[in-house]
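The values are calculated or read from the model by the stated rules, or taken from the named source; none is laboratory data. Quantities reported herein were computed from a predicted structural model and do not represent experimental measurements. Virtual Cβ from ideal backbone geometry, glycine too; neighbours counted across all protein chains shown. When the accessible area is computed, the model is the full protein with side chains, heavy atoms only, and any ligands, DNA or RNA have been set aside. Shrake-Rupley method; radii C 1.70, N 1.55, O 1.52, S 1.80 Å.
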Amino acid sequence: QIEDKPFASGGEGKLYRILEPKALQSYVVKIYHSEKRTPLREQKMHYLLKHPPQQLQTELSHPPVVWPVDLVYAKQELMGFIMPFIQGEKLELLCTPKLPRKVSSAWKRFSFKNKGALQLRLRLCFNIATAIYQVHNTERYILVDLKPDNIVIQPNGLVSLVDMDS
């Protein structure tokens, strides 16, 4: 069971929080728009499930790459897929010289006014590069939609690449 309203949407589908079963409440479902539910998409999603980046299989607490974990069907039609829910902010938060005023205090340490901000930002860059490496190391995938909107960051420096089904 999923929430009635999506919390996010994009060109391919909408994201919904999972309500039941409780074991899946830390996951979300991406439901594809009807025109995106094609046989080719279904083949692609099966391939992604069969060939995840290796290191993701051991990273349970925070996935650096948000990868599909299962597919969702209705009446034998692929509707979408299940993936971990990641909290944080889009990388674009740090893509301007000044932080937005409405940002929470946890992000203030990334302000260039603070000593050590550059070091924190470099750590984020390293974490992003490590996540990209995990995908490229499979020698199976090319990132086609890598942009600040698809990199979720946390104030503690953890990063996650999202929208990996493109």
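The single condition among (1) at pLDDT below 95; (2) out of contact with any Ser or Thr (no Cβ under 8 Å at 6 or more places or on another chain) that His51 does not meet is (2).
For the stretch 58-71, the set of residues classified as at pLDDT 95 or above and exposed (fewer than 15 other Cβ atoms within 10 Å of the Cβ) consists of Asp70 only. Would you check which residues across the stretch 21-48 are farther than 21 Å from Ile142 by Cβ and open to solvent by 80 Å² or more (accessible area, probe 1.4 Å) and list them? Result: Lys22, Ala23, Ser34, Glu35, Pro39. Among residues of the stretch 116-128 that are closer than 11 Å to Leu94 by Cβ, those with a beta-carbon under 7 Å from a residue that is in a helix (DSSP H, G or I) and open to solvent by 100 Å² or more (accessible area, probe 1.4 Å) at least six positions away or on a different chain give the pairs Ala117/Arg109; Leu120/Arg109. Among the residues of the stretch 6-20, just one is at pLDDT below 95, farther than 14 Å from Phe85 by Cβ and in a strand (DSSP E or B), namely Ser9.
Filtering the stretch 91-136 to residues that are within 15 Å of the chain's Cα centre (by Cα) and not small (Gly, Ala, Ser) leaves Leu91, Glu92, Asn127, Ile128, Thr130, Ile132, Gln134, Val135.
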